[in-house]
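J.: The following block contains the structure, expressed as structure tokens.
The values are calculated or read from the model by the stated rules, or taken from the named source; none is laboratory data. Everything numeric in this text was worked out from a predicted model, so none of it was measured. Here the Cβ positions follow ideal geometry from the backbone for every residue, glycine too, while neighbour counts run over all protein chains shown. In case anyone asks, the SASA skips ligands and DNA or RNA and just uses the protein heavy atoms, side chains included. Shrake-Rupley method; radii C 1.70, N 1.55, O 1.52, S 1.80 Å.
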Amino acid sequence: MIPLIKTLLPSKEELLPKLEEVLYSGYIAQGSVVDEFEAEFAKFIGTKNCLSVNSGTSALHIALILAGVKAGDEVISTAVTAEPTNTVITQIGAKIVWADIDLNTGNLCPDSVESKITNNTKAIMAVDYAGTPINIKRFQEIEEKYGLPIIQDSAHALGASYNGEKLGNHFKYTTFSFQAIKHMTTIDGGMICIKDDKEFEKAKLIRWFGIKKGVSRLDNDINSQGYKYHMNNVNATIGLVQLKSIDRIIEKYIENGKYYDHELQKTEGVELLKYYPESQPSYWLYTLKVERRTDFIKAMADNGIMASELHKRNDVHSIFSDFKTPLPHVDEFEKTWVHIPSGWWVTEKERTKIVESIKKGW
Ligand SMILES: *Cc1c(COP(=O)(O)O)cnc(C)c1O
């Protein structure tokens with residue numbers, strides 16, 4: 001079976017000597033390796049303030065705190081995502097206000113978002129679902145017009161870009177996840193890119209109990225709530241080795257995605273996504289809309305190809321029942337949306353087979 005998702009670790013020859021070195025270095029906590037990983041990651045994104053953390057969820061939590069979201073406030077979000085995007089909002093005690101999606105991409109619809117803004121709205125959580133960039137131009141306008149921070153959850157979209165600039169450069173906060181199955185893994189880990197230099201300094205405190213690093217404990221005074229969210233030198237070592245080949249890996253996702261974009265045009269029973277102008281997805285999953293999805297998934301499985309919706313629309317979870325609202329486009333997307341494999345492991349031969357299997361019909 002060609003899997004839909006797969007974990008990628010560097011070769012033993014590349015990784016184990018570095019891991020052995022760090023493990024017995026006497027410094028496995030957060031130290032200079034973490035600094036180095038952040039600097040290399042920032043270089044990869046083409047931005048400056050990148051703060052590593054222990055998960056993508058922690059990165060989102062820090063973004064919400066920086067955005068000033070408190071218990072009882074409203075955060076506009078999407079139901080088409082993985083659950084952490086939304087559980088982190090209720091974790092703060094804030095209310096989720098669901099906006100509808102754009103059927104062209106499955107991502108939040110800017111017009112729907114605008115219609116949901118109230119005096120209680122404190123932030124907008126926008127997800128580049130499956131690796132497809134959100135409508136960056138429109139969301140930048142919204143950030144500007146309403147003075148509302150956009151938190152871009154780019155957990156699926158490492159290496160995706162807009163106007164030739166990688167995601168991580170466009171909004172006040174952009175977060176990434178290095179969990180096992182994302183484009184790049186550090187086993188677990190995350191990153192938050194922060195535009196404002198002062199907020200970046202504040203984020204460092206939130207990441208580590210509110211304690212200032214580099215100042216003795218006796219001279220430290222904790223004056224705001226912090227958490228234990230830092231990355232350690234061991235995970236950062238894995239990240240540094242992973243970054244050496246990340247360009248090549250992401251290029252493979254993009255090559256496969258572009259291949260499907262081209263080959264699956266005008267295929268009966270299939271509707272492709274329509275990306276926003278100047279945006280380049282990084283195709284963590286290749287998403288399409290198909291008729292009779294259950295039959296499609298079964299036909300793919302019969303051909304040795306894993307296809308799946310992978311995620312459940314988030315608004316149906318009991319924990320979110322207080323926030324229920326009609327989302328007609330999500331209802332429609334939910335019936336047809338499916339993903340096929342497009343990652344680094346999909347060979348030219350396999351992607352040809354995937355296209356042929358789809359073209360055969362189901
Ligand atoms: C994976 C993921 C996260 C959370 O990342 P973790 O590193 O697992 O905490 C957040 N948002 C989305 C959309 C994700 O897929």
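J.: Here is a list: Ser318, Ser342. Which entry is outside the structural domain of Ala82 (by TED's automatic domain parsing) and more than 30 Å from Gly72 (Cα to Cα)? Steps first, please.
T.: Values: Ser318 fails: more than 30 Å from Gly72 (Cα to Cα).
After ruling out the rest, the residue left standing is Ser342.
J.: Under 6 Å by Cβ, and 6 or more places apart or on different chains, what pairs join a residue from the range 13-28 that is surrounded by 13 or more Cβ atoms within 10 Å (Cβ to Cβ) with one that is in a helix (DSSP H, G or I) and among the hydrophobic types (A, V, I, L, M, F, W, C)?
T.: As it stands, the answer is Glu14/Val241; Leu15/Val241; Lys18/Val241; Val22/Val234; Ile28/Val234, since those pairs meet every condition given.
J.: From the list Ala59, Ala39, which residue is surrounded by fewer than 18 Cβ atoms within 10 Å (Cβ to Cβ), at pLDDT 95 or above and within 18 Å of Gly239 (Cα to Cα)? Even if it seems obvious, please write down each step before you answer.
T.: Values: Ala59 fails: surrounded by fewer than 18 Cβ atoms within 10 Å (Cβ to Cβ).
None of the other options fit; the residue is Ala39.
J.: Applying the selection to the range 189-203, what residues are charged (D, E, K, R) and either free of Cβ contacts under 8 Å to residues at least 24 places away in the same chain or in a loop (DSSP other than H, G, I, E, B) (or both)?
T.: Lys195, Asp196, Lys198, Glu201
J.: Residues to consider are Ile142, Ile222, Ile192, Ile150; find the one that is β-branched (Val, Ile, Thr), surrounded by fewer than 16 Cβ atoms within 10 Å (Cβ to Cβ) and under 24 Å from Ile92 (Cβ atoms). Break it down into steps so the answer makes sense when it comes.
T.: Values: Ile142 fails: surrounded by fewer than 16 Cβ atoms within 10 Å (Cβ to Cβ); Ile192 fails: surrounded by fewer than 16 Cβ atoms within 10 Å (Cβ to Cβ); Ile150 fails: surrounded by fewer than 16 Cβ atoms within 10 Å (Cβ to Cβ).
When all the criteria are applied, what remains is Ile222.
J.: Still on this structure, please answer the following. How many residues, within the range 62-78, are under 16 Å from Cys109 (Cβ atoms) and either more than 10 Å from the ligand (Cβ to nearest atom) or surrounded by fewer than 24 Cβ atoms within 10 Å (Cβ to Cβ) (or both)?
T.: Selection size over the range 62-78: 2.
J.: Here is a follow-up. Specify the residue that is most open to solvent (accessible area, probe 1.4 Å); the eligible residues are those in the range 155-166 that are away from the ligand (no atom under 12 Å from the Cβ) and of a type in the set (Gly, Ala, Ser).
T.: If we filter the range 155-166 for residues that are away from the ligand (no atom under 12 Å from the Cβ), which is where we start, we get 159-166.
Subsequent filtering for residues that are of a type in the set (Gly, Ala, Ser) retains 159-161, 164.
Numbers: Gly159: 11, Ala160: 0, Ser161: 21, Gly164: 75 Å².
Restricting to residues being away from the ligand (no atom under 12 Å from the Cβ) and of a type in the set (Gly, Ala, Ser), the top hit is Gly164.
J.: Check Thr87, Thr81 and return the single one that is under 29 Å from Thr186 (Cα atoms) and open to solvent by less than 10 Å² (accessible area, probe 1.4 Å).
T.: Numbers: Thr87 fails: open to solvent by less than 10 Å² (accessible area, probe 1.4 Å).
Among Thr87, Thr81, only Thr81 is under 29 Å from Thr186 (Cα atoms) and open to solvent by less than 10 Å² (accessible area, probe 1.4 Å).
A quick yes/no check of all residues on (1) in the same structural domain as Thr132 (by TED's automatic domain parsing); (2) away from the ligand (no atom under 16 Å from the Cβ); (3) closer than 20 Å to Leu60 by Cβ:
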| residue | (1), (2), (3) |
| --- | --- |
| Gly168 | yes, no, yes |
| Phe171 | yes, no, yes |
| Thr185 | yes, no, yes |
| Asp188 | yes, no, yes |
| Ile192 | yes, no, yes |
| Phe209 | yes, yes, yes |
| Leu218 | yes, yes, no |
| Ile222 | yes, yes, no |
| His230 | yes, no, yes |
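J.: Look through Thr186, Thr175 and report the one residue that is part of a loop (DSSP other than H, G, I, E, B) and polar (S, T, N, Q).
T.: Working: Thr175 fails: part of a loop (DSSP other than H, G, I, E, B).
Of the residues listed, the single one that is part of a loop (DSSP other than H, G, I, E, B) and polar (S, T, N, Q) is Thr186.
J.: Against the definition (more than 27 Å from Asp102 (Cβ to Cβ), free of Cβ contacts under 8 Å to residues at least 60 places away in the same chain and not hydrophobic (A, V, I, L, M, F, W, C)), how does Glu348 come out, yes or no? Break it down stepwise before answering.
T.: Values: more than 27 Å from Asp102 (Cβ to Cβ): yes; free of Cβ contacts under 8 Å to residues at least 60 places away in the same chain: yes; not hydrophobic (A, V, I, L, M, F, W, C): yes.
In short, yes.
J.: Still on this model: Filter the range 173-183 for residues that are of a type in the set (Val, Ile, Thr) and away from the ligand (no atom under 11 Å from the Cβ) and give the result.
T.: Answer for the range 173-183, where residues must be of a type in the set (Val, Ile, Thr) and away from the ligand (no atom under 11 Å from the Cβ): just Thr174.
J.: What's the number of the condition Tyr260 fails, among (1) surrounded by 21 or more Cβ atoms within 10 Å (Cβ to Cβ); (2) in a loop (DSSP other than H, G, I, E, B)?
T.: All conditions pass for Tyr260, except number (2).
J.: If I filter the range 44-56 down to residues being away from the ligand (no atom under 15 Å from the Cβ) and not hydrophobic (A, V, I, L, M, F, W, C), which single residue comes out as most open to solvent (accessible area, probe 1.4 Å)?
T.: Here the answer is Lys48.
J.: Yes or no: the range 135-149 includes at least one residue that is in contact with a Ser or Thr (Cβ under 7 Å, 6 or more places away or on another chain) and more than 11 Å from the ligand (Cβ to nearest atom). Working first, answer last.
T.: Within the range 135-149, the subset in contact with a Ser or Thr (Cβ under 7 Å, 6 or more places away or on another chain) is 136, 148.
With the extra rule that they be more than 11 Å from the ligand (Cβ to nearest atom), the set shrinks to 136, 148.
Yes, the range 135-149 has at least one match.
J.: Based on this model, can you work out whether Phe41 counts as over 18 Å from Ile96 (Cβ atoms), in contact with a Leu (Cβ under 6 Å, 6 or more places away or on another chain) and within 16 Å of the ligand (Cβ to nearest atom)? Walk me through how you get there before you give the answer.
T.: On the way: over 18 Å from Ile96 (Cβ atoms): yes; in contact with a Leu (Cβ under 6 Å, 6 or more places away or on another chain): no; within 16 Å of the ligand (Cβ to nearest atom): yes.
Answer is no for this residue.
J.: Further question: Among the numbered criteria (1) closer than 26 Å to Lys122 by Cα; (2) not assigned by TED's automatic domain parsing to the domain that holds Asp153, which one does Tyr260 miss?
T.: Of the numbered conditions (1) closer than 26 Å to Lys122 by Cα; (2) not assigned by TED's automatic domain parsing to the domain that holds Asp153, the odd one out for Tyr260 is (1).
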